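Following: one structure in structure tokens, then a few remarks.
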Amino acid sequence: MLKSQDVLNLSGKVAVVTGGASGIGLAAAELLAEFGAHAVLVDINETAGEQAAAGIREKGGQASFYRCNVTSAADCERVAEEVASALGGIHILFNNAGVIRRKTVTELEERDWDLVLDVSLKGVYLLSKYVIPIMEQGGGGSIINTGSGWGLKGGDRAAAYCAAKAGVVNLTKAMAIDHGPANIRVNCVSPGDTDTPLLRDEARQLQQDEASFLVASAGGRPLERLGTPRDIANAVLFLASDLSSWVTGSVLVVDGGGIA
């Protein structure tokens, strides 16, 4: 009899997760490890990253941490090579690292624009650039990029973030076309407001009370709540696994109906 978990079995797979030290990245790394993958947490926060990887190992999972600035080509190339050498390949890449600056175009300093675009969009390009040849050598793989509901519609005082996430959405489609013949699937998960350190930082940037901001962020959604990192991780697991074996170039919106 077919067992439903078979297509979700990630045993023997190596999964690289950027922004893996906290929030959605950490939740995804934990879940991928639960289903058998060796989770490679990539982040600039070395202390938090090492602690997160240790936490996965304490629960019986396989996990490693690599410090990497995803805006640095040298860092991305080094990490891709070191992971492939140490673990025998890379089968899953979750390009999740991102930052937000809640400002209009007139309020943005050029350095704000550069930071958001470099981390959230250029970082997807750079790590994919060095991981894709490794996936090709291994016979294929799955790349998941983190977009946003604001990559599909506009949002207030988030001009650079909206631009970056819209770029991620269409970059995903272009990568799916280019690398499908090598059996590499590329998809985008687009969260709505999710209870993460990033969302709480938005409240501080907007000088709003954190609790009130979170309540307001949940308002108006058909499911009437904020997302949790695990909600998004569940979608990542689907796109990483053979359950989505004929899904590529797609954008999976996980937002409680926020842009329905």
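Descriptive notes on the structure:
- Residue check for I24: more than 21 Å from D231 (Cβ to Cβ), crowded, with 24+ Cβ neighbours inside 10 Å and either among the basic types (K, R) or touching a residue at least 60 places away in the same chain (Cβ under 8 Å) (or both): no
- In the range 249-260, the residues that are over 22 Å from G141 (Cβ atoms) reach residues that are among the small types (G, A, S) and surrounded by 15 or more Cβ atoms within 10 Å (Cβ to Cβ) with C-beta atoms within less than 6 angstrom, at least six apart or across chains, in these pairs: V253/S190; D255/G149; D255/G192; G256/G192; G258/G149; G258/G192; I259/G149.
- In the range 217-250, the residue that is nearest to L10 (Cα to Cα) out of those that are in contact with a Gly (Cβ under 7 Å, 6 or more places away or on another chain) and among the basic types (K, R) is R225.
- Here A164 meets the list (1) in contact with a strand residue (DSSP E or B) (Cβ under 6 Å, 6 or more places away or on another chain); (2) hydrophobic (A, V, I, L, M, F, W, C); (3) surrounded by 23 or more Cβ atoms within 10 Å (Cβ to Cβ) almost entirely, failing just condition (1).
- Within the range 132-154, the residues that satisfy the criterion of being hydrophobic (A, V, I, L, M, F, W, C) and either more than 20 Å from V17 (Cβ to Cβ) or part of a helix (DSSP H, G or I) (or both) are I132, I134, M135, W150, L152.
- Top-ranked residue in the range 101-117 [being in a loop (DSSP other than H, G, I, E, B), charged (D, E, K, R) and touching a residue at least 24 places away in the same chain (Cβ under 8 Å); ranked as surrounded by the fewest Cβ atoms within 10 Å (Cβ to Cβ)]: E107
- Test for Q62: is it free of Cβ contacts under 8 Å to residues at least 60 places away in the same chain, buried (at least 17 other Cβ atoms within 10 Å of the Cβ) and not aliphatic (A, V, I, L, M): yes
- Scanning the range 237-249 finds no residues that are closer than 24 Å to R102 by Cβ and either within 18 Å of the chain's Cα centre (by Cα) or modelled with pLDDT of 95 or more (or both).
- Pairing residues of the range 119-143 that are farther than 18 Å from G249 by Cα with residues that are surrounded by fewer than 18 Cβ atoms within 10 Å (Cβ to Cβ) and among the charged types (D, E, K, R), at Cβ distances under 8 Å and at least 6 apart in sequence or on separate chains, gives Y130/E77; Y130/E81.
- Of all residues in the range 79-90, exactly one satisfies the criterion of being touching a Leu at 6+ places or on another chain (Cβ under 8 Å) and either part of a loop (DSSP other than H, G, I, E, B) or farther than 26 Å from S245 by Cβ (or both), namely V79.
- One residue stands out in the range 34-51 among those that are surrounded by fewer than 24 Cβ atoms within 10 Å (Cβ to Cβ) and of a type outside the set (V, I, T): the one that is farthest from P197 (Cα to Cα), namely G36.
- Output for the range 210-257, where each listed residue is β-branched (V, I, T), surrounded by 15 or more Cβ atoms within 10 Å (Cβ to Cβ) and either assigned to a helix (DSSP H, G or I) or touching a Ser or Thr at 6+ places or on another chain (Cβ under 8 Å) (or both): I232, V236, V251, V253, V254
- Tallying residues that are out of contact with any helix residue (DSSP H, G or I) (no Cβ under 7 Å at 6 or more places or on another chain) and of a type in the set (V, I, T) within the range 195-223 yields 1.
- Residues considered: L26, L93, L41. Of these, the only one that is assigned to a helix (DSSP H, G or I) and hydrophobic (A, V, I, L, M, F, W, C) is L26.
- Residue within the range 212-224 that is at negative phi, modelled with pLDDT of 95 or more and of a type in the set (S, T, N, Q) present: no
The values are calculated or read from the model by the stated rules, or taken from the named source; none is laboratory data. Being a predicted model, the structure only gives us computed values, none of them experimental. Note: ideal-geometry Cβ built from the backbone for every residue, glycine included; neighbour counts use all protein chains shown.
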